[in-house]
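Read the structure below first, then the notes.
The values are calculated or read from the model by the stated rules, or taken from the named source; none is laboratory data. Only a predicted model underlies this, so the values are computations on that prediction, with no experimental measurement involved. Cβ: placed from backbone, ideal geometry, glycine included. Neighbour counts: every protein chain shown. Just the protein is used for accessible areas: all its heavy atoms, side chains included, with ligands, DNA and RNA removed. Shrake-Rupley method; radii C 1.70, N 1.55, O 1.52, S 1.80 Å.
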Amino acid sequence: MQDSIFCDFKPPLNSQTAKIEASRCHYCYDAPCIQACPTEIDIPSFIRKISNGNLRGAAQDILSANVMGGTCARVCPVEVLCHSACVREVGEGKSVEIGLLQRFATDQFFEGPPESTQNLFERAPLHGKKVAVVGGGPAGLSASHRLALLGYAVTLFEARSKVGGLNEYGLAPYKVTSEGVQQEIDWILGVGGIDLKLNCALGTDVSLDSLRTEFDAVFLALGLGGVKKLGIPGEDQPGVFEASRFIEKIRQTTRIADLPVGRSAVVIGGGSTAIDIAIELKCLGAESVTIVYRGSEEKMSATLHERELARTAGVVICTSGRPVRILGNASGVAAVEFERTDRNAGERFELVANQVFKAIGQTLAVDAEVLRSIGLKGGRISVGNPGEIKPFETAIPGIFAGGDCIGLGEDLTVTAVQHGKLVAYAIHQSLFKEKSGDINYGRSHLSNRRGEITQSFLAGFSTANG
Amino acid sequence: MKSPNPFWLASAPPTDKQINVERAFRAGWGGAVWKTLGEDPPVVNVCSRYGAAEWNGQKLMGFNNIELITDRPLDVNLAEFKEVKRAWPDRALILSLMVPCQEESWKSILKKIEDTGADGIELNLGCPHGMSERGMGAAVGQVPEYVEQITRWCKNYTRMPVFVKLTPNITDIRLPARAAKKGGADALSLINTINSIIGVDLDRMSPTPHVGGKGTHGGYCGPAVKPISLNMVAEIARDPETRGMPISGIGGISDWRDAAEFLALGSQGVQICTAAMHYGFKIIGDLTNGLSNWMDTQGYRHLEDFVGKALPNVVHWHDLDLNFKTVAKIDQTQCIHCGLCYVACEDTSHQSISVRREESGSSKIRRSIYEVKESECVGCNLCALVCPVECISMVQQETGIGYLPWSRHPQNPKFKYGGNLTEKVKDAPYKGPKSQG
Ligand SMILES: Cc1cc2nc3c(=O)[nH]c(=O)nc-3n(C[C@H](O)[C@H](O)[C@H](O)COP(=O)(O)OP(=O)(O)OC[C@H]3O[C@@H](n4cnc5c(N)ncnc54)[C@H](O)[C@@H]3O)c2cc1C
Ligand SMILES: Cc1cc2nc3c(=O)[nH]c(=O)nc-3n(C[C@H](O)[C@H](O)[C@H](O)COP(=O)(O)O)c2cc1C
Ligand code: SF4
């Protein structure tokens, strides 16, 4: 249903084109692409395995570093991550298509027979320690998987009726399909040792105190469920939507034709959510879609590639406009009034719109009371820096946090997955201090461009990393 | 023997019938050696027949076949051959032959081909599979005495020029070459295919190509065999006993440069099979155009201007200058920081490249900078060979000391034992065929 409207923006490789593309990889020593990947996937190794027909091994390389390698292959802003670092990008302006190759390898793997997909990784025997993971988004799922592998009994609390977080409710339908996301989640949970508690929210259904007493450690992977307000007149009338909530509707509806789509839409914001909603509205049939950002184009957090994608889809990007008020009439929204922020500061202009979408960022949604005790910083949960003694640990010992709800990453799926993985190790380290030398981290970790996060963090594990 | 250009099609499926050979001549090929003829009844071929070694997405890097000689009746082949020769008098058209190792067999087939108008015959003493088990092809080509004997029979029973096509499935290629010369051969063609199993089908657990789940060794050719053939051509061209004999170079020739290399090592012309089977006859345009443009830029007006020109520089290892020195130099402006030179040298060579992470730089990714430690570098070329952007050059060093071959090197044991060891290492002399009959 979704697929027909939201066609695949970047068509996949087939086994032939994948081989040809794989042959472009130089198999670099100390490959810069690995440094650029937040989860430090050993990219040259998995590409080489595609070349020599070891697709299961390629999936192993990818999924051991990043359990959501399939989703990340589709949603990562590769143009600012691995692709930007590839020596072929430096040398000839055309990176190896790492994202497409990763997608090929993971797709092939997940399409394989169950005897091949199951048992890719083996769980260590249970040692009796229990961890509560709160939030079933990429951070929570990644941590649960790694903790299960390390022999923990994991209980995963999720407020909604499905796990997946923004994979399920936020990512653009022209990048992922719900079936694909679901297949990946099923595989992650299939590792075993993860007890799922759906419709069970921290704050309402279960308290932090009880989790603390019942479990050896708690991981908060709550994401950013709340929305910011513009704080301008006319914001609360019908026809004004919160972009991420609308995207959620698009992703969850079974009758796409029933979604209200106006003729002209104005999107307020400058990040990838603004780009996503704008393109999705175009796919849904909106005649004119204009993104209005308050600063200059270079300041937008949406990458050049994303902006190009939007423009190709027919979206107009208008910069240096700050919304002042939303005008309405009897039938709802009629226009948005903006004030210029560039050299014509103060000048005002109006854009006609039947619908207005706010894409100005998310906030932490959990009951402030619950979180007060553990400490906030800049609206996010405050945790120990990876370089410090208690990485990812909050002010309360034994309570960890990661993903979008802390302020250390770039709010990407891939960073959330990495946080989850590192938190699992941090928990393991704190509970088995004396035996940390025995921890098997898989491949050794090279330093990372987010050196702040991993390099110094892993310094504490140097014995294990050899 | 004349042909409009030095590019001939080798005896193989591309020269199997009138229709192919005429298409090839229309495309511009200078000559062709007809697919090998034998005695009637014709052989029967199996299905399947070919296998290939693919490398890094490149098809037919090596090619292998278990096909036999022509599977069509002799008179059909000869009738077609005659027609082609009549229609294309300016092209070189050679008949390739393979019959049992008996004087009568050779005599009788030579008689049958007398009036075909062929420009010459080529004795297929090289096919390594199928025919060799029947006592033909490589089975005779591996025994210098037989080579000499068959060549002599042919010289006795025909006045056409005789090419002897050699098998590479032998330790020292000079021995059958010398034998062919002794037998009176006018020219040598080499190489035929190399004995091989191209691969194993791991599902069927059978060699490939498979015939109902079973396979057999076949003949290997294509780009992968070129180095083997180049060496054999040079060996024969340098051998005092065969020096000056016309050579038709064969094996892995795919473009004009390959051909020029064969010519530089002493071939007068070349034959091609796999490249044509891969891309069709059209490649002749690329071959002739490439060769003639290269000759123009080099100032060569005739092939003779450079045929054999590299031969004086093919020397014995003992004669190489031990004082010659180069060191690798990395052009930092071209370097893409892949690190392949570093890891190759560090892991498998002489630990002569240093690595350091770039200190600053606007990018968040810290690149590694690779530099050659000149004093450690032995000038082996490995780094330059693995560099994907060819930014490493081998720079000659001024040592200030003169030519020093092994024979005069102080570490040469001859100084320890007093004798001249290198002089004792002589080629085993070839004594000619055993007594005849
Ligand atoms: C519209 C949109 C598009 C995006 N597109 C991309 C993209 O293309 N590429 C990319 O890399 N990133 C993208 N992102 C960002 C990415 O989705 C997030 O960075 C990532 O999902 C963060 O993962 P998380 O696990 O920290 O949080 P989330 O994915 O938000 O998951 C949090 C989970 O916790 C649950 N939860 C919350 N509160 C409670 C509670 N009290 N009790 C129990 N459970 C709770 C939630 O229901 C949810 O399941 C996008 C984000 C948005 C909003
Ligand atoms: C399918 C096939 C059949 C061949 N048949 C013959 C043959 O009948 N007679 C012969 O002298 N050589 C035969 N050859 C060998 C070729 O003439 C040639 O010597 C060899 O392929 C090396 O050249 P290339 O690398 O250009 O292919 C055959 C080769 C192939 C691939
Ligand atoms: S940087 Fe590019 S070429 Fe080098 S290993 Fe990574 S993908 Fe391959």
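Return the calculated 222 nm mean residue ellipticity for chain A, to the nearest 500 deg cm²/dmol, obtained by summing -39500 (n - 2.57) across DSSP H runs with n ≥ 4 and dividing by the residue count.
Value at 222 nm, helices only: -10000 deg cm²/dmol.
Under the rule of at least 5 residues apart or a separate chain, name every residue whose amide H is placed under 5 Å from the amide H of A:Val206.
The answer is A:Ala201.
Ranked from highest to lowest mean number of other Cβ atoms within 10 Å per residue, what is the order of the peptides B:38-46, A:110-118, A:262-270?
A:262-270, B:38-46, A:110-118
State the Cα centre-to-centre distance between the stretch B:198-233 and the stretch B:363-402 in whole Å.
So the separation of the two Cα centres works out to 37 Å.
I need two numbers for the stretch A:15-117: Rg to one decimal and Dmax as a whole number, Cα atoms only, in Å.
Considering the stretch A:15-117 through its Cα atoms, Rg and Dmax are 12.5, 42 Å.
Given the C-alpha centroids of the stretch A:365-385 and the stretch B:144-183, what is the distance between them in whole angstrom?
91 Å
Assuming a viscosity of 0.692 mPa s and a temperature of 37 °C, what translational diffusion coefficient in µm² per second does Stokes-Einstein assign to the stretch B:156-217, Rh being the Kirkwood radius over Cα pairs?
The diffusion coefficient I find is 230 µm²/s.
Run the dipole for chain B about the Cα centre, Lys and Arg Cβ at +1, Asp and Glu Cβ at -1, nothing else charged, and hand back the magnitude in debye, nearest 20.
That gives chain B a dipole magnitude of about 460 debye.
Beyond 18 Å, how much of the Cα-Cα pair distribution for the stretch A:331-421 remains, as a whole percent?
61 percent
FRET efficiency for A:Arg372 and A:Glu214, Cβ-Cβ distance as r, R0 = 25 Å, nearest 0.05? Display every interim value, and only then the final one.
Numbers: r = 21 Å, r/R0 = 0.85.
Working from the Cβ atoms, E equals 0.75.
Which value, in Å² and to the nearest 10, is the accessible area of B:Thr208 when all protein chains are kept and the probe is 1.4 Å?
40 Å²
Once Rh is set to the Kirkwood radius over Cα pairs, what Stokes-Einstein translational diffusion coefficient, in µm²/s, holds for the stretch B:184-340 at a temperature of 37 °C and a viscosity of 0.692 mPa s? Write out the running numbers ahead of the final one.
Values: Rh = 18.7 Å.
Calculated translational D: 176 µm²/s.
Can you work out the Karplus-derived ³J(HN,Hα) for every residue in the stretch A:412-427? Use 6.51 cos²θ - 1.76 cosθ + 1.60 with θ = phi - 60°, whole Hz, and x for glycine or proline.
Computed from phi, the couplings for the stretch A:412-427 are 10, 3, 5, 6, 4, 4, 5, 4, x, 5, 5, 5, 4, 5, 5, 5 Hz.
Could you grab the relative contact order for chain A? Cα pairs under 8 Å, six or more apart, rounded to a whole percent. All intermediate terms of the calculation are to be shown ahead of the outcome.
Working: 916 pairs, mean separation 76.2, N = 466.
Relative contact order of chain A: 16 percent.
Can you give the log10 of the normalised intensity I(q)/I(0) at q = 0.17, 0.23 Å⁻¹, computed with Debye over equal Cα scatterers of the stretch B:79-151?
The computed values of log10 I(q)/I(0) come out as -0.68, -0.99.
How far, in degrees from 0 to 90, does helix A:55-65 lean away from the longest principal axis of the Cα atoms of chain A, to the nearest 10?
Compared with the principal axis, the helix lies near 80 degrees.
What share of Cα pairs, in percent, lie more than 19 angstrom apart in the stretch A:239-301?
The proportion of pairs with Cα distances above 19 Å equals 28 percent.
Can you give me the long-range amide H partners of B:Lys35? Hydrogens built in the peptide plane at 1.01 Å from N, cutoff under 5 Å, separation of 5 or more residues or another chain.
B:Ala12, B:Thr15, B:Asp16
When chain B is modelled as a GNM with alpha-carbon springs shorter than 10 Å, which of B:Tyr220, B:Tyr370, B:Tyr279 fluctuates the most?
B:Tyr370
From the alpha carbon gyration tensor of the stretch B:110-151, can you work out the equivalent ellipsoid semi-axes (sqrt of 5 times each eigenvalue) and give them in Å, largest to smallest?
Working from the Cα gyration tensor, I get semi-axes of 22, 12, 8 Å.
For chain A, what's the radius of gyration and Dmax over Cα atoms, in angstrom?
Rg, Dmax (Cα atoms, Å): 22.6, 70.
Using only the alpha carbons, work out the radius of gyration and Dmax of chain B in angstrom.
That works out to 25.3, 84 Å for Rg and Dmax.
For the stretch B:149-247, run through the trypsin sites (Lys or Arg not before Pro) and keep only the ones in DSSP coil with at most 16 other Cβ atoms within 10 Å of their Cβ.
On the way: sites: B:Arg152, B:Lys155, B:Arg159, B:Lys165, B:Arg174, B:Arg178, B:Lys181, B:Lys182, B:Arg204, B:Lys214, B:Arg238, B:Arg243; in loops: B:Arg159, B:Arg204, B:Arg243.
Loop-located and lightly packed - B:Arg159, B:Arg204, B:Arg243.
Along the stretch B:271-284, what does the Karplus equation 6.51 cos²θ - 1.76 cosθ + 1.60 (θ = phi - 60°) give for ³J(HN,Hα), rounded to whole Hz, x for Gly and Pro?
So the J values, rounded to whole Hz, are 10, 9, 10, 4, 4, 5, 5, 7, 10, x, 6, 4, 4, 4.
Given H placed on each backbone N at 1.01 Å, which residues far from B:Asn5 in sequence or on other chains put an amide H within less than 5 Å of it?
Amide H neighbours of B:Asn5, under 5 Å, 5+ apart: B:Gly30.
For Cα pairs less than 8 Å apart in space and 6+ apart in sequence, what is the mean separation divided by the residue count of chain B, i.e. the relative contact order in percent?
The value is 13 percent.
Averaging over all projection directions, find the projected area of the Cα convex hull of the protein assembly as shown and quote it in nm² with one decimal place.
About 51.1 nm², averaged over all directions.
Normalized C-alpha radius of gyration of the stretch B:325-397, against 2.2 N^0.38 Å?
Taking the Cα Rg and dividing by 2.2 N^0.38 Å, one obtains 1.07.
Quick one: divide the alpha-carbon radius of gyration of the stretch A:227-361 by 2.2 N^0.38 Å and tell me what you get.
Here the Cα radius of gyration is 0.98 times the empirical estimate.
How tilted is helix A:243-252 with respect to the longest principal axis of chain A? Cα atoms for both, answer in degrees (0 to 90, nearest 10).
70 degrees
Please compute, over every Cα-Cα pair in the stretch B:1-151, the percentage with a separation greater than 20 angstrom.
The calculated P(r) of the stretch B:1-151 puts 51 percent of pairs beyond 20 Å.
Please give the calculated 222 nm ellipticity per residue for chain B, where each DSSP H segment of at least 4 residues contributes -39500 (n - 2.57) and the sum is spread over every residue; nearest 500 deg cm²/dmol?
Values: 14 runs with 128 residues, N = 437.
Helices in chain B give a 222 nm mean residue ellipticity of -8500 deg cm²/dmol.
Placing +1 at every Lys and Arg Cβ and -1 at every Asp and Glu Cβ, with all other atoms neutral, what dipole size does chain A have around its Cα centre, in debye to the nearest 20?
Approximately 340 debye in magnitude.
Any chance you could run the full-extension gain for B:Tyr50 through B:Ser206? It's 0.36 nm times the residue separation minus the Cα-Cα distance, nm to one decimal.
54.7 nm
If the viscosity is 0.890 mPa s and the temperature 25 °C, what Stokes-Einstein diffusion coefficient in µm²/s follows for the stretch A:81-210 when Rh is the Kirkwood radius over Cα pairs?
D = 146 µm²/s.
Leaving out ligands, DNA and RNA, calculate the buried accessible area for the pair B and A with a 1.4 Å probe, summed over both sides, in Å² to the nearest 100.
By this definition, chains B and A bury close to 1400 Å².
Quick one: work out the % antiparallel among DSSP beta bridges in chain A, nearest 5.
The answer is about 35 percent antiparallel.
To the nearest 10 degrees, how steeply does helix B:144-157 sit against the main Cα axis of chain B, on a 0 to 90 scale?
So the inclination is approximately 40 degrees.
What are the ³J(HN,Hα) values, in whole Hz, obtained from phi via the Karplus relation 6.51 cos²θ - 1.76 cosθ + 1.60 with θ = phi - 60°, for each residue of the stretch A:256-268 in sequence order, with x given for Gly and Pro?
5, 5, 7, 5, x, 10, x, 6, 10, 10, 10, 10, 9
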